[in-house]
Structures are given as structure tokens and as C-alpha cells.
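The values are calculated or read from the model by the stated rules, or taken from the named source; none is laboratory data. Computed from a prediction, not measured in an experiment: that's the story for all the values here. Quick reminder, even Gly has a Cβ in these numbers, built from the backbone with ideal geometry, and neighbours come from all protein chains shown.
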């Protein structure tokens, strides 16, 4: 127990510095073998605020609940896609909703757009941003200045909306 409150795990390895990692709501301390438990406790005490904030952030991400049923989410995505196609003139070949872990959305070179089911936990403006972002990839398959200018043309406040994902 650290400070009688937090449990942590020590992983000793051939490294020079001590690293504190929060993984799956656990505190992991990576340390050189020569560092005493007393020294580690002292470092943890100094980093207590950061540890608590990071654990809190981690908990909030896990607790985020679905804002829509699966059916509502599918309908919402389809409605937003149709609206943004009319607005932008950017037409995808296909739009799918899949359980992708590595991204909020993707656009293939064949102009197929995939939207992540993870967005079911996010607000409509956030879903709209991801869909617009992927539609803009139909014109620019990169993140160039022209790409971001196109996103901004249709969503001037996109930078503010993107903050929801942090």
C-alpha cells in the first residue's frame, strides 16, 4: 500500500530511471533494481496529485455510457452522412459502422468510410466531426493544410469539438 491508500506494483528492470505508469487503473512503477522501496514511496508521494488525476481521468473514460441505443446510433450516423453529403458534395462509395479500436473513423482509397461504434458514447457534434473528417478524406487522402481548410469550411468550430476526444 502506498500512503495507506493506493496499491502499486513494482517492476524491476535494467533501466536507468524510475517510470510511473497507469495501466488499466493500476499503478505500475518501473524501476532499476538498486532503488529501495523507501525511495520509490518517496517518489510516489511527490507524484501523488498526478497519479490521482490520471486515475480519475482513466475512470471517467471507462464510465462513459452510451448516449444512444444501437439503432438510434445507426440512424444518427446515416442521417448525418446524408446531410453532409448534400452539404459538401463528397460522396463515399460505402459507409459502415464497425467495432474498430484504433480510430474513430477511416476512409479507404476506394472511398469506403468506416465509423467506429465507440462514437456511441459521444455527442452528436463529435459524431458529425468524425463523419465530416472522413468525408474530407475523399478529396484529400492526407492531413494537409488543404484538408484541414476543407474541414474548417464545413465546421468552423472543429478544433473545439475535437477536444471531446481527449
Completion exercise
Within the stretch 129-149, the count of residues that are surrounded by 22 or more Cβ atoms within 10 Å (Cβ to Cβ) and either out of contact with any strand residue (DSSP E or B) (no Cβ under 9 Å at 6 or more places or on another chain) or not assigned by TED's automatic domain parsing to the domain that holds residue 111 (or both) comes to 2
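Which one is nearest to residue 85 (Cα to Cα) among residues in the stretch 142-158 that are in a helix (DSSP H, G or I) and touching a helix residue (DSSP H, G or I) at 6+ places or on another chain (Cβ under 7 Å)?
Pass one, the stretch 142-158, residues in a helix (DSSP H, G or I): 145-154, 158.
If we keep only those that are touching a helix residue (DSSP H, G or I) at 6+ places or on another chain (Cβ under 7 Å) too, we end up with 147, 150-152, 154, 158.
Numbers: 147: 16, 150: 14, 151: 13, 152: 16, 154: 11, 158: 17 Å.
This residue is 154.
Please report, ordered by residue number, the strands (runs of 3 or more DSSP E) entirely within the stretch 16-128 with at least 2 residues that are at pLDDT 90 or above.
Working: elements: 19-23, 26-31, 94-98, 105-107, 112-116.
Here the list reads 94-98, 105-107, 112-116.
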Exercise for the section: Provide a single number: the residues in the stretch 81-117 that are touching a residue at least 40 places away in the same chain (Cβ under 8 Å), in contact with a strand residue (DSSP E or B) (Cβ under 8 Å, 6 or more places away or on another chain) and under 22 Å from residue 162 (Cα atoms). Expected result: 3
